[in-house]
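Working notes for the structure below.
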Amino acid sequence: MRLAQRFFLYALVALGVLTVCAMIAVGERARAAGAADVQRQVASEATLLARAWHAGDAASTLADSIGRALERHITLLDARGRVVGDSQERDLAQSWLARYAALPEVVAASADAAGRAHAGTRDAVDAPEIAAAARGPNGVVRVAAPPDAATAAAALLQRGVLLAALVGAAVAAALAWLFARTVARPLTELRDVTRALAAGDLSRRPALSAPGEVGDLATAVHRLTEQLGARLVALEAEEDLLVALSESLTEGVVAIDARQRVVRVNEMARQLLRLRESVPFPADHLPRDRVLREAMLDALAGSATGPVELRLDGRVLALTARPLAGGTGVVLAFFDQTTMRRLEAMRRDFVANVSHELKTPLTAVGGFAETLADDDLPPAQRRHFVETIRHNAMRMQRIVDDLLDLSRIESGGWRPMPAHIDIAAAADEASSAAREAAAKKGVRFAVELGPDAAQLWADATAVRQVLSNLVENAVRHTVTGEVVVTARRSASRGGVWLGVRDTGTGIPAPHLPRIFERFYRADPGRSREAGGTGLGLAIVKHLVEAHGGEVRAQSAVGGGTTIEGFFPDAVP
């Protein structure tokens with residue numbers, strides 16, 4: 001049942017109860033007032049009749065005529081107390097008529113010389129009546145009215161009260177219905193608005209035209225909605241900021257609640273931990289690593305952990321675990337140290353390689369220099385030792401020069417200055433230094449240019465250095481056959497693949513992915529004997545990548561090697 005209906009029903013019940021109570025109260029009052037009024041009437045009538053009764057009047061006829069006229073019970077008693085006239089004599093026996101003289105009002109009136117009326121409540125047969133008796137010159141006159149005379153007046157008054165109550169109830173019911181509708185409509189609207197707010201719809205607003213306290217409530221709900229909307233907007237902005245911050249971190253962040261459920265995880269953590277589930281999900285779905293589990297459980301118990309190192313899927317991660325305030329959960333932070341560890345290993349390898357590469361020629365230079373200090377050394381041997389010292393000094397010079405070139409390229413201190421390069425001319429110029437060594441081995445040179453690949457857009461110095469390093473490597477590892485400079489256009493990518501193909505010894509497959517690392521050699525002893533520094537291919541890789549391109553190598557043991565670099569038409 002709706003509020004308006006309940007309010008209307010309660011109003012009707014209240015009006016009904018009030019009407020019944022009013023009718024009871026009015027009825028009682030009306031009966032009492034009616035009885036008093038009838039009592040006064042019969043007293044006045046008794047007094048008047050007592051004075052108007054003359055000695056010559058026929059008492060019986062007088063009683064009958066006056067009783068019919070006044071609709072009263074008239075009894076006339078003489079001075080000796082005998083009933084000489086009664087309007088109801090035919091209905092009563094003479095023995096009962098004799099009892100009227102003993103009625104209290106008759107006795108009192110007989111003794112009252114002033115002729116005042118005296119009230120009575122019973123007749124001769126002990127039936128209830130409203131009576132009064134008064135003494136006159138010829139005797140006592142008793143006038144009585146039935147008790148329902150007062151009841152009739154009360155009933156008439158009650159009917160009037162009931163009619164007025166019905167009219168008032170109808171008017172009150174109409175007003176109550178209107179009032180209920182007036183109150184219920186804004187309350188219903190407030191109910192709908194609060195339900196919408198609970199469901200997350202902050203666009204709903206209550207009307208502010210409701211009267212009284214309901215209007216105040218509507219105003220309060222409207223202000224609450226505005227404040228709630230503003231706070232939710234602020235929370236959403238803060239949430240967006242928090243998400244943006246967590247997603248911009250280079251660290252993986254995982255938040256776990258007290259029930260060991262992952263409630264937040266950023267993209268970096270998903271990549272590091274190989275997570276695919278949508279939050280929330282159980283913490284058991286995290287990698288089953290002992291260090292990780294112990295750190296999480298310790299943090300849930302209130303103890304911070306870290307940073308500690310763990311290895312997952314070939315990655316080296318630094319883990320830090322911190323408990324949240326109030327024991328509500330824990331935050332795990334993962335920092336990927338794989339690159340750092342690789343760089344540290346590369347640095348150690350680089351230092352070791354540089355030391356190793358420089359140690360041999362330095363040892364040779366030092367040893368032969370000490371030998372040259374001997375004055376008895378034959379001139380021919382002295383010249384041989386000097387030539388050896390010069391050769392090792394040039395080797396160290398090439399290593400230092402290559403290191404400087406590589407450092408300048410890697411640090412960003414060198415930028416390509418692209419121009420249109422004639423590939424055939426650049427190949428001829430780059431191979432000039434290696435032609436003598438190739439001629440001694442019987443290795444032939446060739447240039448193969450594909451359609452639309454006679455030129456490329458690149459830095460001229462970089463192209464000559466790339467070709468020079470590739471040609472030198474090819475001649476160094478080719479005993480017989482040919483070394484071919486190749487160029488072909490890639491229509492799909494918009495650029496030219498420039499490289500060198502040889503028919504040399506080839507590179508074993510396990511070594512092929514690492515040949516572009518500094519100082520890496522598939523056959524270290526042979527490369528040093530041939531005079532290589534181990535930095536040529538690393539320089540080639542960085543020069544090509546500085547143009548926005550890439551390098552690749554194909555080789556088979558005994559089937560030769562092809563190394564190519566892609567130069568895009570537009571240098572970034």
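The values are calculated or read from the model by the stated rules, or taken from the named source; none is laboratory data. Keep in mind that this is a model prediction, so the values were computed, not measured. Ideal geometry is used to build each Cβ from the backbone, glycine not excepted, and the neighbour counts take in all protein chains shown.
Scanning the range 360-406 for residues that are assigned to a loop (DSSP other than H, G, I, E, B) and either of a type in the set (A, V, I, L, M) or in the same structural domain as Arg518 (by TED's automatic domain parsing) (or both) returns Ala373, Leu377. No other residue among Ala304, Ala318 is touching a Phe, Trp or Tyr at 6+ places or on another chain (Cβ under 6 Å) and under 25 Å from Ser248 (Cβ atoms) apart from Ala318. None of Ser248, Ser209 is among the polar types (S, T, N, Q), surrounded by fewer than 12 Cβ atoms within 10 Å (Cβ to Cβ) and at pLDDT below 75 except Ser209.
The condition of being in a helix (DSSP H, G or I), out of contact with any Cys (no Cβ under 8 Å at 6 or more places or on another chain), polar (S, T, N, Q) and at pLDDT below 70 holds for only one of Thr225, Thr188, Thr182, Thr194, that being Thr182. At least 3 residues being free of Cβ contacts under 8 Å to residues at least 40 places away in the same chain and surrounded by fewer than 17 Cβ atoms within 10 Å (Cβ to Cβ) is the threshold, and among the helices (runs of 4 or more DSSP H) wholly inside the range 421-492 those reaching it are 423-431, 435-441. Taking the criterion of being in a strand (DSSP E or B) and more than 20 Å from Ala453 (Cα to Cα), the residues of the range 559-572 that qualify are Gly560, Thr561.
Of the strands (runs of 3 or more DSSP E) lying entirely inside the range 278-349, those containing at least 2 residues that are closer than 20 Å to Ser246 by Cα and modelled with pLDDT of 90 or more are 315-323, 329-336.
Every condition in (1) in a helix (DSSP H, G or I); (2) of a type in the set (Gly, Ala, Ser); (3) modelled with pLDDT of 85 or more holds for Gly504 except the one numbered (1). Of all residues in the range 543-558, those being within 18 Å of Glu472 (Cα to Cα) and part of a loop (DSSP other than H, G, I, E, B) number 0.
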